[in-house]
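The values are calculated or read from the model by the stated rules, or taken from the named source; none is laboratory data. These figures come from a predicted structure and were not determined experimentally. Glycine also receives a Cβ, built like all others from the backbone with ideal geometry; neighbour counts cover every protein chain displayed.
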Amino acid sequence: MSKLIQAIRGMNDITPDETAYWRVLENTIVQTIISYGYQQIRFPIVEKTELFARSIGEVTDIVEKEMYTFEDRNGDSLTLRPEGTASCVRAAIQNGLLHHQTQRLWYTGPMFRYERPQKGRYRQFHQVGVEAFGMDGPDIDAELIIMTARIWRQLGLTDLELQINSLGSTECRENYRTLLVDYFGRHQKSLDEDSQRRLHRNPLRILDSKNPAMQALIEDAPKLQEHLDEDASQHFEGLKTLLDAVNIQYQINPRLVRGLDYYNKTVFEWVTTQLGAQGTVCAGGRYDGLVVQLGGKPSAAAGFAMGIERLVELAKHNLVLENMPHVYLVLVGDTSVVAGRVLAETLRAGLPNLRMISHCGGGSFKSQFKRADKSGAQLALIIGEDEASSQTVSLKYLRQDQAQQTIAQDELVVVLKKYFQI
Ligand code: ATP
Ligand code: MG
C-alpha cells in the first residue's frame, strides 16, 4: 500500500457531517446580509503581494510573518489572500464601482495565514465579509454593527459582547503616535522583541500585542480616546447614539486597535468567552484612506469580516439541520429496479423539496433496510416484485412505531407531501 499523503497542517477538510452545519450557518448569515441590500462580489484567491503589503501595512503580523507568498513561473511575487478587504477594494476600483456612487458588497471564501494552528486558528480559514463604500457618516457604521447583531439573533447567539473604539482621524493618530513613542520609549527595557522593532516604525501595533507579559504596560499607555479631534469624536458620539437607539449594548475598549493598518475612526469586535483564547468572531471598522492608497479616487469605506470556523463551533447546537433524507427507496428484484427508478423521478418532479435516496447496487431486503436505517431517513419506500406488478408501494416507518402499509403508487405524492409538510 502507498503511504497516505496528508493535508497540510492547519488546512482542514470539512467532512459531510460538518458541511451541513456550515451550509445552514452560511445561508443564515448571507440571507440577513442580502436583506439589508448588499450584493455579492467575487474576486480571486491569489493577488499580487504588493496589494496586501500596501494595504494591510508592512509592519503588521500578517505581512511580516503570516502570508503565503510565492513566485509564479514569470517570477512575479504572488500571495494567497490573507483577508478580503484589500482584494475587494482593488476589485471595486478596477471595475469602476466606486466613482460617485455608494456600494454595499459582501463576499465569502477561504483566507490563508501562516499562523500557529490551534483550536479556532487555522492556516486556511473562512470568512464572510461585508464592505460599504461611499458613505462617510456613523449611520453606515451603525448599520454594519446592527446587521451583525441581527445575524447573532438569527443564529441564537446571545452572549456575544460588542467592543468599540475610535482610532480618530489620520491627524490625531499622528499626534497620538508621538505620545506612544514617548511612553513606550521610556519603558523600552520592558518591550518584547516585536514591540522593540515596532516602537518607531509602527507604535500603534504594540497595543495589539497578544503577549501576556506586555499587557500591564499596554494597559497604562496613553489612550487615543482622550486625544480625538472634533470630527472623530462627533463621529463616535453619533455611532453611540444610534446603537443606544436600537438597544445594542457595547463596551468601549480603548486598547482595541485591530491588527491591520488601514483603519480609522470606528473599529469594533464581537467577542465571546466561550471559545477560549480565540474569542473574536467578527471584526471590522472604517477605512476611509484605503481606496486612495490603492489607486482609486477618494471614497469613504467601512466593513467587517466574520470567522466561519469560530461561528460554527459556537452556534452548532442551535442550528437545525435539513440534511437527512426524508425517504430511502428500497428496490428488490429486477423489475423493481426499473419500476422504482421511474417512480423516483415522478416523485422528484412532484415534490422538489423531497430528499430521497434511491438504492443502487441490489441486495436483499435486509441489507437494503440496513442502509436505509443508516441514512437517517424517516421512511423506507419498498418496491419488491409484488409491489412492482400491482403498481403499489409499501411504507415502513423507520423512526416511529407505526405499522407498515401498502398504497397505490399514484397516491404517493399526496401522502408524502402531507407527511413531511413539503
Ligand atoms: P485574531 O485577533 O483572532 O488573530 P484578527 O484580528 O487577525 O483575529 P481579522 O483579520 O480581523 O482577525 O479577521 C476577522 C475574523 O476572522 C476574526 O475575528 C476571526 O473570527 C477570523 N479569523 C482570523 N484569523 C483566523 C484564523 N487564523 N483562523 C480562524 N479564524 C480566523
Ligand atoms: Mg490574527
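Structural remarks
- Taking the criterion of being of a type outside the set (Gly, Ala, Ser), modelled with pLDDT of 90 or more and closer than 20 Å to Gly289 by Cβ, the residues of segment 49-64 that qualify are Glu50, Leu51, Phe52, Arg54, Ile56, Ile62, Val63.
- Of all residues in segment 93-116, exactly one satisfies the criterion of being within 14 Å of ligand 2 (Cβ to nearest atom) and exposed (fewer than 15 other Cβ atoms within 10 Å of the Cβ), namely Arg116.
- First in segment 52-69 and in contact (Cβ under 8 Å) with a residue 60 or more places away in the chain and closer than 16 Å to Pro110 by Cβ, second anywhere and of a type in the set (Lys, Arg) and within 15 Å of ligand 2 (Cβ to nearest atom), Cβ under 9 Å, 6 or more apart: Ile62/Arg113
- Across segment 26-79, the qualifying residues are those that are polar (S, T, N, Q) and more than 26 Å from Ile146 (Cβ to Cβ), and the one among them that is farthest from ligand 1 (Cβ to nearest atom) is Asn74.
- Any chance Phe304 is within 16 Å of ligand 2 (Cβ to nearest atom), modelled with pLDDT of 95 or more, among the aromatic types (Phe, Trp, Tyr) and on the phi < 0 side of the Ramachandran plot: yes
- Looking only at segment 59-73, and only at residues there that are within 16 Å of ligand 2 (Cβ to nearest atom) and not hydrophobic (A, V, I, L, M, F, W, C), the one that is nearest to Gly296 (Cα to Cα): Thr60
- Restricting attention to segment 99-153, the residues being outside any strand (DSSP E or B), within 24 Å of Leu167 (Cα to Cα) and in contact (Cβ under 8 Å) with a residue 40 or more places away in the chain number 16.
- Within the set Val281, Val312, Val291, the sole residue that is within 16 Å of ligand 2 (Cβ to nearest atom) and modelled with pLDDT of 95 or more turns out to be Val281.
- Selected residue (only one of Gly296, Gly362 is more than 16 Å from ligand 2 (Cβ to nearest atom), farther than 30 Å from Trp22 by Cβ and in contact (Cβ under 8 Å) with a residue 60 or more places away in the chain): Gly296
- Among the conditions (1) β-branched (Val, Ile, Thr); (2) farther than 19 Å from Met324 by Cβ; (3) surrounded by fewer than 17 Cβ atoms within 10 Å (Cβ to Cβ), the only one that Ile422 does not satisfy is (2).
- Condition met for Asp159 (more than 29 Å from Gly276 (Cβ to Cβ), among the acidic types (Asp, Glu) and either more than 12 Å from ligand 1 (Cβ to nearest atom) or surrounded by fewer than 21 Cβ atoms within 10 Å (Cβ to Cβ) (or both)): no
- Residue list for segment 201-213, filter: surrounded by fewer than 17 Cβ atoms within 10 Å (Cβ to Cβ) and more than 15 Å from Arg173 (Cβ to Cβ): Lys210, Asn211, Pro212, Ala213
- Residues (more than 16 Å from ligand 1 (Cβ to nearest atom), part of a loop (DSSP other than H, G, I, E, B) and either surrounded by 17 or more Cβ atoms within 10 Å (Cβ to Cβ) or in contact (Cβ under 8 Å) with a residue 12 or more places away in the chain (or both)) located in segment 245-259: Val246, Ile248, Gln249, Tyr250, Pro254
- Looking only at segment 137-156, and only at residues there that are touching a Ser or Thr at 6+ places or on another chain (Cβ under 6 Å) and surrounded by fewer than 19 Cβ atoms within 10 Å (Cβ to Cβ), the one that is modelled with the highest pLDDT: Arg150
- Residue list for segment 276-286, restricted to those being of a type outside the set (Gly, Ala, Ser) and under 16 Å from the mean Cα position of the chain (by Cα): Gln278, Thr280, Val281, Cys282
- Of all the listed residues (Ile146, Ile62, Ile164), the sole one being closer than 30 Å to Asp194 by Cα and out of contact with any Pro (no Cβ under 8 Å at 6 or more places or on another chain) is Ile164.
- On the stretch given as segment 273-310, residues that are of a type outside the set (A, V, I, L, M, F, W, C) and within 10 Å of ligand 1 (Cβ to nearest atom) total 8.
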